[in-house]
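Okay, so here's the structure we're looking at.
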Amino acid sequence: MKIKFLGTGAADWPNPGKSVGAGRRFSSLVLDDRILIDCGPMTLDAIDEFNVDVHALDAILIGHPHGDHFNLDVICQIARRRDASAKPIVLYIDEEAAKNRCTVPEDLADRLQVKGFLPLNCLQVGDYAVHAYPASHPIGIPGELACHFIIKTPTNETMLYGLDGSWFPPTTWHAIQKAKLDIIVWELTCGNLDDWRLGEHSNFGMLKIMANAFKNDGAIQKHTKMFCSHLARTLCPSHDIYARELDTFGFTLAKDGMEWTS
Ligand SMILES: [Zn+2]
Ligand SMILES: [Zn+2]
């Protein structure tokens, strides 16, 4: 399994334009060059800066349709960059958002397909099995829901994508408990702060508790690689200082452009 972080920030980062420098773009990553997970307004610049081949992409998975994770215009631009003869790219997104906010422009009718899903659905994305589980993260638009993903790859590796959310709801918790995770992308919006946003986001104290519980169940093992992403600019320490702190607890602080291969 290979992942490349295209963005690792929460929604309070300014748009850095073409070069991210020491900043962070909104959270997004590419799995095995084939599946783009989350695609916000800054993702196209990240695709250019970090040399993502848009023709290698089969699908775009949106964990939840907040503006930092979902931007239809950018998704259309990605589809438009692909050869007209390429297989259509498939956008997987919350069912209600798919109905109400995902009208495909006429010129992309053959290049972009939209498929809605609900929590507890299992999506077959090529040869990847993507299980969607509910997240504690209100969208604020009636009927729209947020999900975490447990993804099984063709090489039989398992990834938990935990953006965005607070404590896992019981169904999600129990599914994670039973999984054997090779990689986790945790959400760490609030850093070390006991902030009011913890009703819908996480801090590092929560991640340590959840990781310990999942270690006790065997879902997290010695080899499990744990990344933290979705850091808020106004709530988290600077990268280098925080990366050292997280490392002592076995967590890797993700950075834009960071690549990892199992
Ligand atoms: Zn977010
Ligand atoms: Zn969100």
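Given ILE141, ILE150, which one is at negative phi, within 16 Å of ligand 1 (Cβ to nearest atom) and of a type in the set (Val, Ile, Thr)? Result: ILE141 is the single residue among ILE141, ILE150 that is at negative phi, within 16 Å of ligand 1 (Cβ to nearest atom) and of a type in the set (Val, Ile, Thr). The set of residues in region 180-222 being within 15 Å of ligand 2 (Cβ to nearest atom) and in contact with a helix residue (DSSP H, G or I) (Cβ under 9 Å, 6 or more places away or on another chain) consists of TRP186, GLU187, LEU188, THR189, CYS190, LEU198, SER202.
Flag set for ILE220, criterion: at pLDDT 95 or above and touching a strand residue (DSSP E or B) at 6+ places or on another chain (Cβ under 9 Å). Taken together, HIS201, HIS174 contain a single residue that is under 21 Å from GLY7 (Cβ atoms) and either surrounded by fewer than 15 Cβ atoms within 10 Å (Cβ to Cβ) or out of contact with any Lys or Arg (no Cβ under 7 Å at 6 or more places or on another chain) (or both), which is HIS201. Counting only helices (runs of 4 or more DSSP H) that fall entirely inside region 1-101 and contain at least 2 residues that are within 16 Å of ligand 2 (Cβ to nearest atom), the qualifying elements are 95-101. Here PHE168 does not qualify as aromatic (Phe, Trp, Tyr) and closer than 19 Å to THR153 by Cβ. Total residues in region 102-125 satisfying the condition of being outside any loop (DSSP other than H, G, I, E, B) and not aliphatic (A, V, I, L, M): the figure is 8. Applying the criterion of being closer than 23 Å to ASP68 by Cβ and either under 15 Å from the mean Cα position of the chain (by Cα) or charged (D, E, K, R) (or both) to the residues of region 113-130, the residue that is nearest to ligand 2 (Cβ to nearest atom) is VAL130. Residues of region 204-252 that are among the charged types (D, E, K, R) and surrounded by 12 or more Cβ atoms within 10 Å (Cβ to Cβ): LYS208, LYS215, ASP217, LYS225, ARG233, GLU245. Among the residues in region 54-67, are any away from ligand 1 (no atom under 16 Å from the Cβ) and not hydrophobic (A, V, I, L, M, F, W, C)? The answer is yes; a qualifying residue exists.
Considering (1) touching an Asp or Glu at 6+ places or on another chain (Cβ under 9 Å); (2) away from ligand 1 (no atom under 15 Å from the Cβ); (3) among the hydroxyl-bearing types (Ser, Thr, Tyr), the lone condition that TYR161 does not fulfil carries the number (2). Restricted to strands (runs of 3 or more DSSP E) entirely inside region 146-244, those with at least 2 residues that are basic (Lys, Arg) are 220-229.
Applying the selection to region 123-138, what residues are among the aliphatic types (A, V, I, L, M) and within 14 Å of ligand 1 (Cβ to nearest atom)? Selection gives ALA135 alone.
The residues on offer are PRO14, PRO41, and the sole one that is at pLDDT 95 or above and more than 14 Å from ligand 1 (Cβ to nearest atom) is PRO14.
The values are calculated or read from the model by the stated rules, or taken from the named source; none is laboratory data. Predicted model only: the values in this text are computed from it and were never measured. Here the Cβ is made from the backbone with ideal geometry for all residues, glycine too, and neighbour counts use every protein chain on show.
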